[in-house]
Amino acid sequence: MTRKTPRSFIYLGALFILLLVATLNVYNLNEAYGDGPPYYARTTNMDKWTDPLPALVAVDAIAVVLIAAILYLTRRKR
């Protein structure tokens, strides 16, 4: 006899993944754009600055596919 994982644990796992990705996005966007005017210390390496949005979009897309797969596999009828 096999034991099945309760759906609530699976949904909590999907919610945890969503919260991790949201935290990653907030942290990286705050680090990249920040608040306040660009003082000298923040402008010394502006030629090396890269836009974080392409990487964040890729991470978000992977997270959306992963969460959709989890929800699909959890909700399908057996």
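Working note: Karplus 6.51/-1.76/1.60 with θ = phi - 60° gives the range 53-64 the couplings 4, x, 5, 5, 5, 5, 5, 5, 5, 5, 5, 5 Hz, where Gly and Pro are set to x.
Converting phi to 3J(HN,Hα) with the Karplus coefficients 6.51, -1.76 and 1.60 and the offset θ = phi - 60°, the range 23-28 yields 5, 4, 5, 4, 4, 5 Hz in sequence order, with x at every glycine or proline.
On a per residue basis, the convex hull of the C-alpha atoms belonging to the range 7-75 measures out at 77 Å³.
All of the numbers you see were taken from the coordinates with simple rules; none came from a lab. Keep in mind the model is a prediction, meaning the values are calculated, not measured.
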